[in-house]
Amino acid sequence: MPDIERLTPWERMIRGQIMDRGIRDARVVQAMRDIPREKFFPADSQDAAYTDQAHPIGHGQTISQPYIVALMTWKLNLENSHKVLEIGTGSGYQTAILARLAGEVYTMELVKPLLDAAWERLMSMSARNIHFRHGDGTLGWPQAAPFDRILIAAAGPVIPRELLLSHLAPGGEAVLPVGERDDQMLIHVRRDGDQLKLTDLCRCRFVDFVGAVK
């Protein structure tokens, strides 16, 4: 195996930040390799694309660190037939990863300039299984429900039970952060009838999940 210092920043990210932290799912790792992360950064900060941290993308929003993107994707247990709801398009990086692994991705973003920029990036990459919506993610996308999987890239103080129960198909799964700004937990959710089975994954820090539903 080559010395990790001789690898490209891209491959060092894959090995050091993802695989060495226990994410060995071949499909997830390959999707992370396939998507050029720097394309989702502002032009003046692309050198930071492969660092082990979240990074501002404007409008008070961030692109998550590579490990968190990989972890959330892995814990969704995606299949290529799945229909996925992503709330919080942001830069579109997580969207691109989901689109490599799922059948259809429905992505929502409250900040219109971010959604427009993400649409341009993803269309330039010929991602044709993505549906975009400008809107309040706390209200979900009821016209397109139910979904096999849901990923929420913003943190509210409590689990959004009504949203998850109205949008997740029976047996469906979700991954999302929950908690106040300085005390958040990334959580895996599985729907079992009218119950939500919760599993803590790790501490995290996301932007606030804002909208009409408190």
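The values are calculated or read from the model by the stated rules, or taken from the named source; none is laboratory data. None of these values were measured; they are calculated from a predicted model. Please note: Cβ atoms are built from the backbone with ideal geometry, for glycine as well, and neighbour counts cover all protein chains shown.
Quick one: Glu38 ticks every box in (1) surrounded by 18 or more Cβ atoms within 10 Å (Cβ to Cβ); (2) touching a helix residue (DSSP H, G or I) at 6+ places or on another chain (Cβ under 6 Å); (3) under 16 Å from Ser91 (Cβ atoms) except a single one, so which number is it?
Every listed condition holds for Glu38 apart from (1).
A quick yes/no check of all residues on (1) crowded, with 24+ Cβ neighbours inside 10 Å; (2) among the aromatic types (Phe, Trp, Tyr); (3) on the phi > 0 side of the Ramachandran plot; (4) at pLDDT 95 or above:
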| residue | (1), (2), (3), (4) |
| --- | --- |
| Trp74 | no, yes, no, yes |
| Ile87 | yes, no, no, yes |
| Ala99 | no, no, no, yes |
| Val105 | yes, no, no, yes |
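Under 8 Å between Cβ atoms, at least 6 apart or on separate chains: pull out the pairs that start in region 178-203 with a residue that is within 20 Å of Thr138 (Cβ to Cβ) and end on any residue that is surrounded by fewer than 11 Cβ atoms within 10 Å (Cβ to Cβ) and of a type in the set (A, V, I, L, M).
Within 8 Å, the pairs are Val178/Val158.
Any residue that is of a type in the set (Gly, Ala, Ser) and under 15 Å from the mean Cα position of the chain (by Cα) - is there at least one of those in region 134-144? Working first, answer last.
Narrowing region 134-144 to residues of a type in the set (Gly, Ala, Ser): 135, 137, 140, 144.
So of that shortlist, the ones also under 15 Å from the mean Cα position of the chain (by Cα) come out as 137.
Yes, some residue in region 134-144 is of a type in the set (Gly, Ala, Ser) and under 15 Å from the mean Cα position of the chain (by Cα).
Determine, yes or no, whether Pro66 is over 24 Å from Pro170 (Cα atoms) and in contact with a helix residue (DSSP H, G or I) (Cβ under 8 Å, 6 or more places away or on another chain). Give the derivation first.
On the way: over 24 Å from Pro170 (Cα atoms): yes; in contact with a helix residue (DSSP H, G or I) (Cβ under 8 Å, 6 or more places away or on another chain): yes.
Answer is yes for this residue.
Please report, ordered by residue number, the strands (runs of 3 or more DSSP E) entirely within region 120-198 with at least 2 residues that are within 18 Å of Gln94 (Cβ to Cβ), touching a Cys at 6+ places or on another chain (Cβ under 7 Å) and not basic (Lys, Arg). First the steps, then the outcome.
Values: elements: 130-134, 147-152, 168-180, 183-192.
Passing ranges, in order: 183-192.
Go through region 161-214 and report how many residues are farther than 18 Å from Asn77 by Cβ, among the β-branched types (Val, Ile, Thr) and surrounded by fewer than 13 Cβ atoms within 10 Å (Cβ to Cβ).
Residues meeting the conditions: 0.
Could you give every pair whose Cβ atoms fall below 8 Å, whose first residue belongs to region 101-123 and is touching a residue at least 40 places away in the same chain (Cβ under 8 Å) and aliphatic (A, V, I, L, M), and whose second residue is part of a helix (DSSP H, G or I) and surrounded by fewer than 22 Cβ atoms within 10 Å (Cβ to Cβ), counting only separations of at least 6 or pairs across chains?
Within 8 Å, the pairs are Leu101/Arg27; Leu101/Ala31.
With respect to Val158, is the statement that it is within 18 Å of the chain's Cα centre (by Cα) and either in contact (Cβ under 8 Å) with a residue 12 or more places away in the chain or surrounded by 15 or more Cβ atoms within 10 Å (Cβ to Cβ) (or both) true? Outline the logic, then answer.
Working: within 18 Å of the chain's Cα centre (by Cα): no; either in contact (Cβ under 8 Å) with a residue 12 or more places away in the chain or surrounded by 15 or more Cβ atoms within 10 Å (Cβ to Cβ) (or both): yes.
No: the conditions fail for Val158.
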